[in-house]
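Structure first, commentary second.
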Amino acid sequence: MIFPQSFLILEYSFDHYMRKLITTLILITFFTQIYSQKELPEFGKPDMKELLMKDCEFEPGVSAMKILKYEYVDLVSDNDWSVRTEKWERVKILSQAGYSFADIEIPFAKKNKIKKLVAYIYTLDESGKITTEEIDSDDIFKKSDKKKKKGSLVFTFPGVKPGCVIEYKYTELEKEPYYSDTKFFQDVIPVQLCIFKLAHNSEYIKANLTFIGGDENLESRIEEKTPVEYKNTQTITGTNINSFRDEPLMSAVKDNLQYMTLRFEYRADWRDSLLKKYPDQNLLWEAIDSWLINHPNFGEQIKKKVAGTGSLIDSAKKIKDIASKVELIYKSVRDRISWNNESNIFAESIDRAWKTAIGSNAEINLLLLNLLRKSGVNSFPVIVRSREYGKANMLLYSISQFNNVNVVVFNGENFYILDATKKHLSYNTPPFEVLNRNVLLIDAASTKWLNIVDDRPFLKQTISIKAAVDSSGQIKGDAFVSFFDYLKDFKLTEKEEGEKIMAQEEKDFINRSPVDIKIDSLIEDAPPNELLPLNHRFAFTYNPESTDDFLFIDPFFLSPFRKNPFTDSIRRTDIDFGSNQYYNIYVHLTIPENYRIEGVPKSLIVISSDSTIIFKRQILQEDNILVFKHSFEVKRAEFSKEEYFPLHDIFRKMYGAIKEQLILKKK
């Protein structure tokens, strides 16, 4: 189900979100003030105290730390305008494990220029004196990606050893930036001092800063006129910032880092007219909407007549049932056109995608929308942000945060979210990328943010096992495993690509370390109907642990349960299961005459106070046959970090039950 949100609700939600982040994020003191140059270290001048430093005082035991992370952004406005950004980092290498932080890659857009790159490494010689070595320009290499219109400068500091300090500085020049830029205070290693300075003349250009994380004091930023070109100078400073800690089942890293976004308003050729027409910033999404609808690579693509699609449209028009009509067009586009792995919100040519049977995400889905509308289906484009890039920011008025296009279909009280690049998902299953995320609907009549919510358990798996223990203590049998919806998509995509995909790796948290099992005669059944599960049938041999006359059988020997993800005593990030989940395991086990049952786990139910996490175990016995029935359900996909301790307790009890074994003793 989809819930439209008004702008009034959005403003309230953001304030609430900010308060939660501000009060619960990493224990760190942020403060804002105008920093004088004399308080900064001098570039190119090593500090003996830094070289003698043995550990990070505020986060002991790390392999490296950033002594300084400095960025000065200067907006230059003459006939046109540009941005000159000076970046400077100084890093302390504390151990051999931190050597990778001496491998530097500086990314940049192809239209930008990198100038004045200087880099030094400082070490102590055997006599304790400081040695300085500058990186030669011949050792700096340029990488280029013409397709993505991006490049990077790459170099490695020579002679890196524990205790050394490295630093580099450069200037980036950019003409008329109209997108947002993210400034991260937090990093994968601790940051001792982080300074961001912005100089601009507000009479010409408006710069918007949005803060996520940190202290309330960041809201009271200081601005003052400086003698240089009469510019406002704004300085934001952070000290002793702990490194970011990756936690199980959190959302994207970018959702959880402390950062600030900087956005310039707008590109010179349409900035003035837009601001005049839309003086209220809450209406700027309507301005972006209008621009996209009339863009030749977005809205105009939806209106095109695509050669060769007439017969499909005619067939669809004859179908009265909207769901069946959507299914026909969705399958036709999905099965005909292969995705080239390019993600963008702009399509170069939907005609070419149809003709060549290959295209980008935008080309495939704008073509899908084109055909749906011509078939009489009430449908609209939605622009989305991939999960790995973090959640879309509803108060950051910039299309640069979006990198995908999907389609929303309204059919009475039913809604469908479609992405025809997903080869193994039904039209009735929302893509994993957008589930429990906000997307922006593009519509000339009414721009809306939609929150995509669906309570169905799209991470679903069932396992049925029939096996027998032989007289030697070995277990042999047959298994039938079914993968539904997202798990089916992950499995088949993994098989096609020959590698694991990130979404599965992050959410398939309950795989466990393998026991001594040999799998034989695997048969895969992938029905053409995407609503049906992917099935695996196989025979197996399992050698349980044994000592003397005892066998210790793990009832979960073929289940996906692995280690408990919630063992830490503290939690810094919210929990994201990705989707509601359901797992069912059935084991029918025959015990031989020469063994007797010495110990059997008890039937039990572990349930959270709000019934959103449920684990059940039922054990039945009749003569020499044991039946184990296990189920695990997650009925809510997202939990705040404040709810961690109840989750911690539920999972501790559940995994305690999972570890319990069936014990057999030889007669």
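The values are calculated or read from the model by the stated rules, or taken from the named source; none is laboratory data. Since the model is a prediction, treat every value here as computed from it, not as a measurement. Neighbour counts are summed over all protein chains in view; Cβ atoms, including those assigned to glycine, are modelled from backbone coordinates with ideal geometry.
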Name the strands (runs of 3 or more DSSP E) wholly within segment 361-478 that hold at least 1 residues that are of a type in the set (K, R)? 448-452, 459-469
Among the residues of segment 105-144, what is the count of those that are in contact with a Phe, Trp or Tyr (Cβ under 9 Å, 6 or more places away or on another chain), surrounded by fewer than 12 Cβ atoms within 10 Å (Cβ to Cβ) and over 22 Å from P46 (Cα atoms)? 3
For a quick check of your reading of the model, give me the residue pairs whose first member lies in segment 44-69 and is assigned by TED's automatic domain parsing to the domain that holds K129, whose second is in a loop (DSSP other than H, G, I, E, B) and of a type in the set (V, I, T), with beta-carbon atoms closer than 7 Å and at least 6 apart or on different chains. C56/V62; V62/I189; A64/I189; M65/I189; K66/I189
Subset of segment 610-629 that is surrounded by fewer than 19 Cβ atoms within 10 Å (Cβ to Cβ) and of a type in the set (D, E, K, R) - its residue that is nearest to D574 (Cα to Cα): D610
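Just to be sure I understand, how many residues within segment 282-313 are at negative phi and not in a helix (DSSP H, G or I)?
10
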Here's a check for you: in segment 72-84, which residue that is surrounded by fewer than 19 Cβ atoms within 10 Å (Cβ to Cβ) and either in contact (Cβ under 8 Å) with a residue 12 or more places away in the chain or within 28 Å of the chain's Cα centre (by Cα) (or both) is farthest from Q258 (Cα to Cα)? D80
Mind checking which residues of segment 279-326 are farther than 26 Å from S446 by Cα and touching a Phe, Trp or Tyr at 6+ places or on another chain (Cβ under 9 Å)? V306, A307, G308, T309
Residues located in segment 329-359, provided they are small (G, A, S) and at pLDDT 95 or above: S332, S338, A347, S349, A353, A357, G359
Residues in segment 314-334: is at least one among the hydrophobic types (A, V, I, L, M, F, W, C), within 17 Å of K422 (Cα to Cα), in contact (Cβ under 8 Å) with a residue 12 or more places away in the chain and not in a helix (DSSP H, G or I)? no
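Output yes when any residue across segment 626-637 is without any contact (Cβ under 8 Å) to a residue 24 or more places away in the chain and not acidic (D, E), and no when none is.
no
Residues checked against (1) surrounded by fewer than 19 Cβ atoms within 10 Å (Cβ to Cβ); (2) more than 30 Å from K518 (Cα to Cα); (3) assigned by TED's automatic domain parsing to the domain that holds Y397:
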site: V434; (1), (2), (3): no, yes, yes
site: D443; (1), (2), (3): yes, yes, yes
site: K466; (1), (2), (3): yes, no, no
site: Q474; (1), (2), (3): yes, no, no
Can you tell which of K148, K169 is at pLDDT below 95, surrounded by 11 or more Cβ atoms within 10 Å (Cβ to Cβ), in the same structural domain as K111 (by TED's automatic domain parsing) and not polar (S, T, N, Q)? K148
Consider K495 carefully, then state whether it is charged (D, E, K, R), in the same structural domain as E524 (by TED's automatic domain parsing) and either modelled with pLDDT under 90 or not in a strand (DSSP E or B) (or both). yes
Does segment 364-382 hold any residues that are under 21 Å from N403 (Cα atoms) and touching a residue at least 60 places away in the same chain (Cβ under 8 Å), and which are they? L366, L367, L369, N370, F380, P381, V382
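For every residue, the table says whether it meets (1) touching a helix residue (DSSP H, G or I) at 6+ places or on another chain (Cβ under 8 Å); (2) among the polar types (S, T, N, Q).
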{"residue": "P565", "(1), (2)": "yes, no"}
{"residue": "T573", "(1), (2)": "yes, yes"}
{"residue": "D576", "(1), (2)": "no, no"}
{"residue": "V606", "(1), (2)": "yes, no"}
{"residue": "E638", "(1), (2)": "no, no"}
In segment 555-566, is there at least one residue being modelled with pLDDT of 90 or more and either exposed (fewer than 15 other Cβ atoms within 10 Å of the Cβ) or not assigned by TED's automatic domain parsing to the domain that holds T612 (or both)? no
Matching residues in segment 157-176 (touching a helix residue (DSSP H, G or I) at 6+ places or on another chain (Cβ under 9 Å) and touching a residue at least 60 places away in the same chain (Cβ under 8 Å)) number 8
Segment 630-660, subset hydrophobic (A, V, I, L, M, F, W, C) and outside any strand (DSSP E or B), residue surrounded by the fewest Cβ atoms within 10 Å (Cβ to Cβ): F645
When you check K115 against the structure, is it within 20 Å of E172 (Cβ to Cβ) and modelled with pLDDT of 90 or more, yes or no? yes
Filtered residues of segment 329-342 (kept if closer than 25 Å to E300 by Cβ and either outside the structural domain of L372 (by TED's automatic domain parsing) or surrounded by fewer than 19 Cβ atoms within 10 Å (Cβ to Cβ) (or both)): S332, R336, S338, N340, N341, E342
With respect to I519, is the statement that it is part of a strand (DSSP E or B), in the same structural domain as R652 (by TED's automatic domain parsing), loosely packed, with under 15 Cβ neighbours inside 10 Å and out of contact with any Phe, Trp or Tyr (no Cβ under 8 Å at 6 or more places or on another chain) true? no
